[in-house]
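Everything below concerns the one structure shown next.
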Amino acid sequence: SKVSGPKDVFVDGQNGYNGADLILLQNNTATIIEITSSGVPINKQLSGDWSQIEKSIDWILFKTQDGSKGKMQQIIDAVNKLKSGKLAGGGKAGDEIKDIFPVIVFEEGISQVRPIISIIREKAEKAGLDAEQAARLELWDAEELEASDSAFVFGIAAAIAKKHASEYRDFPWKNFLKWAGLASKSSFVDVAFNAATSDLSSLLFKGVMPLK
C-alpha cells in the first residue's frame, strides 16, 4: 500500500512477495525489515561463552532448529529478488534500487556490544549480503522500531545512512535517534511506565479512600 509521497511504497513481504516481513522503497533505496520474537537468552549474552552465544545467533538468524530459513536468509532472499527485479507490487526495476539497508527487529532486543554485533555482521556477509549491506545491518528492539516514527518521515534509509556516516555507527539505534533529534516519544515506554506506577499505587494505597 502507498504511504505519504508518490516515491514511498510499502511492500508487505509475506503477502504477494516471497521475502522479508516489510520492504520500504524510498526514492532509489530499499529498507528490508525482518521481525523476530526469538532472542539470545540474557544469561547466555552475559555468560561470556561465545560458543553458546554464536549457537543461539545461528539458530535465530541463519538456520533454525526446525530446518526452516533463518531471519537473515529471508533478508538475503529479499535482496536477491530486489536486484533481479522480482518485486511484486513495488513497481521498481532491479537496477533502480541503488542502496539496500537490512534491519532485524528483535522483540526483546539483543546486547549492542561490539563482539556480538561483529559476529552477526561477519556471518551476514558470509551468508550472502555484500560487504556494505552487512556493515550497515541494523539490529533493533521493539522500542527502537516504535521510536522511529520521525526517522520514517525523514526517510529511514537516509537516516540509517546518516548513522553509519557518523560517530554513532557502532552504537545502538536509539542513541543515534536521540543524537540526530529523530527520536519519537514511545508509547511502548509510556504504557509500561503507567502500568508499573498503577500497580505500585494500588499496592501502596490499597484500601485508602480518595480525597474529596
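The values are calculated or read from the model by the stated rules, or taken from the named source; none is laboratory data. Quick caveat: nothing in here was measured; it's all calculated off a predicted structure. Every residue, glycine among them, receives a Cβ derived from its backbone with ideal geometry; neighbour counts consider all protein chains shown. Please note that ligands, DNA and RNA were not included when accessible areas were found on the heavy atoms of the full protein model with its side chains. Shrake-Rupley method; radii C 1.70, N 1.55, O 1.52, S 1.80 Å.
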- Looking only at the range 190-206, decide whether some residue is within 28 Å of Q73 (Cα to Cα) and modelled with pLDDT under 95. no
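Before we move on, is A142 touching a residue at least 40 places away in the same chain (Cβ under 8 Å) and under 14 Å from the mean Cα position of the chain (by Cα)?
Yes; evaluated as a whole, the condition is true for this residue.
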- Query: Do you know which residues across the range 172-184 are buried (at least 16 other Cβ atoms within 10 Å of the Cβ) and either touching a Gly at 6+ places or on another chain (Cβ under 6 Å) or farther than 18 Å from L22 by Cβ (or both)?
  - Reply: P172, K174, F176, L177, A180, L182, A183
- Just name the residue that is surrounded by the fewest Cβ atoms within 10 Å (Cβ to Cβ) out of those in the range 58-95 that are at pLDDT below 80 and touching a strand residue (DSSP E or B) at 6+ places or on another chain (Cβ under 9 Å). G91
- Item | Scan of the range 143-158 for residues that are open to solvent by less than 30 Å² (accessible area, probe 1.4 Å) and either among the aromatic types (F, W, Y) or in contact with a helix residue (DSSP H, G or I) (Cβ under 8 Å, 6 or more places away or on another chain) (or both), ordered by number | E144, A147, S148, A151
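What are the residues in the range 139-162 that are part of a helix (DSSP H, G or I) and over 17 Å from P102 (Cβ atoms), if any?
Residues of the range 139-162 part of a helix (DSSP H, G or I): 142-146, 149-154, 156-162.
If the condition is that a residue be part of a helix (DSSP H, G or I) and over 17 Å from P102 (Cβ atoms), then A142, E143, E146, D149, S150, V153, F154 are the ones that fit.
If you take the residues in the range 96-109 that are among the charged types (D, E, K, R) and in contact with a Gly (Cβ under 7 Å, 6 or more places away or on another chain), which one is modelled with the lowest pLDDT?
Among residues in the range 96-109 that are among the charged types (D, E, K, R) and in contact with a Gly (Cβ under 7 Å, 6 or more places away or on another chain), the one modelled with the lowest pLDDT is E108.
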- Could you figure out which of (1) assigned to a loop (DSSP other than H, G, I, E, B); (2) at pLDDT 90 or above; (3) closer than 19 Å to I60 by Cα isn't true of Q112? (2)
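For the structure I just gave you, tell me whether A20 is of a type in the set (A, V, I, L, M), assigned to a loop (DSSP other than H, G, I, E, B), modelled with pLDDT of 75 or more and open to solvent by less than 60 Å² (accessible area, probe 1.4 Å). Quick ask: steps written out before the conclusion?
Numbers: of a type in the set (A, V, I, L, M): yes; assigned to a loop (DSSP other than H, G, I, E, B): yes; modelled with pLDDT of 75 or more: yes; open to solvent by less than 60 Å² (accessible area, probe 1.4 Å): yes.
So A20 passes the test.
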- Task: Go through the range 116-131 residue by residue and tally those that are assigned to a loop (DSSP other than H, G, I, E, B) and open to solvent by less than 20 Å² (accessible area, probe 1.4 Å).
- Result: 1
